[in-house]
Each structure stands twice: as structure tokens, then as C-alpha cells.
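Chemist: Quick one: the structure is below, and I'll ask about it shortly.
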Amino acid sequence: MAEKYPDAEVFGTDIAPIQPTQQVPFNIEFHIENAEEEWIRPANTVDLVHLRNMAGAFGDWKFIYGQAFECIKPGGWIEVLDYDDMYAYQNFLTFYPEDSPVHHLFKGIYEALDKSGRVRGRDHMREELLIEAGFVDIRDTVYDLGIGSRASSSYGKFWLFAVVTGIEPTALRLLTKYLGWDPDYARDLCEQVAQETKKMAEDPVRAESFVIKLRVLSGRKPDVPGAWTAQVLNETAEMVDLSGADDDSTIGSRSNKTLRSEGTL
């Protein structure tokens, strides 16, 4: 974003000083902040809040979305990206036998997540959470991401690299802190899983059906507080314009369907 919009001020936050400091655009800054505490950004000052791969990071997503809504300008957007089913048994784990290192690792991850109180899943990607925070024009898009040999373009190789290098950062702290695993044992298991993933990605037959779903959930802060300007699909799949409708009759109504689309990268 900083490279694409050189006139914009871009800042990233994290709870640890792990962000790059060399060879970054001049208009970006990284701050050490805890997003689970009250945000220090002034109200109505930010054009876009972007959260990515944050499943399991926060205990109270309503608070996160509420803080984002406060600091976003009227007309600004929130965008949340996460992997819909990478950690689901019915998808990722079905590619490996039950006695494999992959199953052993993910069983440990799920157990540790339960103990941590921050269950990794997709509940934070529910459209109604953005609606409750005050956002409108909700969009929920799903992309199928191929990996390795399956992908015809170079993105498949980059995606494989991201998956493999992300295994240890995802698992290590959970397994050592909440299950008491030996760090060396946990690292070794992560390496075994990384190698198994590479083998699967290099197999054209297995990789052909290996898909990870990426969801992109976005919403806009209305120009007028409380105004609902979204278009949604009704029960008969007809587009309905809710602009100007009474808030009480539309916001959060379960009879309305949020705009949803499918795509492939």
C-alpha cells in the first residue's frame, strides 16, 4: 500500500518489534501496540484498516471491530483477510494419513488453542460482526488458492513458500506455552510437516485438488452515522437496495443475505 500510494501515510502495528526496518518505503512506519487495548488513533482519521491472518489473535473481535470503526473516516473501509479452512480437518488434513506428523501437529495446535482461550477459526469473519460495529456495504469474497504444481502461475510457488515458512511461527508458541512441549521437539515436528507439505505440492495429482480458501471480508463506514446504504441479496437472490431504509428494519436482519462472491486467483 505504501508503494502504491506514495502520498499516503501508512502504519503497521504489532505487539513485538519484528517488522522490517530496512528497504521499506519512506511513507510507512511500524509501531509496537496491543490491538486488544484501546486504540490510540484519533477518531475519524484513517481511510483503511487492514487485518490479515489474525485468526486466534484476539479474544474479543467485537472490541477490535469497534475500535476500527471509531478510527476510520466516514466513507473509509475495513478489510479482513483470513484462510477459511486451512486448519479444518475436512480439508487440509484429509491429504495425509491419520498417523502422519501433520495430524499429530494439528491435533496439538487445536488442543493448545482450546487451552489458550483463543480458538482459531472463522467466527471472526462473520458479516454480522461488522454490521453490529456499524459498517455497511459488506462484501464477502472467497478465493481458491492453489499450491505448488497445481497453480499455473508463479503465485503457487510463493503460496507454498508462505505456507511452509508459516508452520513454525503458527505452532511453536502454542505448543510450548500451553502444552509444555520441548521447543526442539516442536521445531522438529514443524520441519517434518513442512517437508510433507512440499512433497504434496510437488505431486501433480495430489496438488491438483489441494485448495485453500482465502476469504476477504470488507465493510464501509457510512458517510452519515447510522445510515444503511448496502445492497444485499434477498431470499430469492434478487438485489435489494436498502438505501434510506429504517435502521431498525435492516441492520442485522437475518432475512437479508450479505453480498457474497466466488473467485479464483
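Chemist: Among residues belonging to the stretch 110-127 that are over 20 Å from K213 (Cα atoms) and touching a residue at least 12 places away in the same chain (Cβ under 8 Å), point out the one that is surrounded by the fewest Cβ atoms within 10 Å (Cβ to Cβ).
Modeler: The extreme case among them is G117.
Chemist: Same structure, new question: Is it the case, given these coordinates, that F63 is in a helix (DSSP H, G or I), of a type in the set (A, V, I, L, M, F, W, C) and either under 12 Å from the mean Cα position of the chain (by Cα) or under 30 Å from E38 (Cβ atoms) (or both)? So that I can check it myself, show each step before the final result.
Modeler: On the way: in a helix (DSSP H, G or I): yes; of a type in the set (A, V, I, L, M, F, W, C): yes; either under 12 Å from the mean Cα position of the chain (by Cα) or under 30 Å from E38 (Cβ atoms) (or both): yes.
Yes; evaluated as a whole, the condition is true for this residue.
Chemist: Still on this model: May I ask you to list the residues in the stretch 69-92 that are at pLDDT 65 or above and among the aromatic types (F, W, Y)?
Modeler: Hits for the stretch 69-92 are F69, W77, Y83, F92.
Chemist: Checking Y96 against (1) within 24 Å of L172 (Cβ to Cβ); (2) of a type outside the set (A, V, I, L, M); (3) at pLDDT 90 or above, which single condition isn't satisfied?
Modeler: (3)
Chemist: Residues to consider are A162, A171; find the one that is modelled with pLDDT of 90 or more and either under 27 Å from I18 (Cα atoms) or touching a Leu at 6+ places or on another chain (Cβ under 9 Å) (or both).
Modeler: Exactly one of A162, A171 is modelled with pLDDT of 90 or more and either under 27 Å from I18 (Cα atoms) or touching a Leu at 6+ places or on another chain (Cβ under 9 Å) (or both), namely A171.
Chemist: Name the one entry in I212, I138 that is closer than 30 Å to T45 by Cα and aliphatic (A, V, I, L, M).
Modeler: I138
Chemist: Within the stretch 130-141, identify whether any single residue is more than 21 Å from V211 (Cβ to Cβ), part of a loop (DSSP other than H, G, I, E, B), modelled with pLDDT of 80 or more and touching a Phe, Trp or Tyr at 6+ places or on another chain (Cβ under 9 Å), and answer yes or no.
Modeler: yes
Chemist: Sticking with this structure for a sec: How many of the residues in the stretch 189-228 are assigned to a strand (DSSP E or B) and either surrounded by fewer than 18 Cβ atoms within 10 Å (Cβ to Cβ) or of a type in the set (A, V, I, L, M) (or both)?
Modeler: 6
Chemist: Can you name every residue in the stretch 24-41 that is in a strand (DSSP E or B) and closer than 23 Å to G56 by Cα?
Modeler: Answer for the stretch 24-41, where residues must be in a strand (DSSP E or B) and closer than 23 Å to G56 by Cα: F30, H31, I32.
Chemist: Another question, if that's okay. Exactly one condition in (1) in contact with an Asp or Glu (Cβ under 9 Å, 6 or more places away or on another chain); (2) surrounded by fewer than 16 Cβ atoms within 10 Å (Cβ to Cβ) is false for D99; which is it?
Modeler: (1)
Chemist: When you look at I138, is it under 30 Å from Y65 (Cβ atoms) and touching a helix residue (DSSP H, G or I) at 6+ places or on another chain (Cβ under 6 Å), yes or no?
Modeler: The answer is yes for I138.
Chemist: Being assigned to a loop (DSSP other than H, G, I, E, B), of a type in the set (S, T, Y) and surrounded by fewer than 17 Cβ atoms within 10 Å (Cβ to Cβ) is true for just one of T21, T13, T94. Which residue is that?
Modeler: T21
The values are calculated or read from the model by the stated rules, or taken from the named source; none is laboratory data. The structure presented is a predicted model; accordingly, all values stated were derived computationally and were not measured. Quick reminder, even Gly has a Cβ in these numbers, built from the backbone with ideal geometry, and neighbours come from all protein chains shown.
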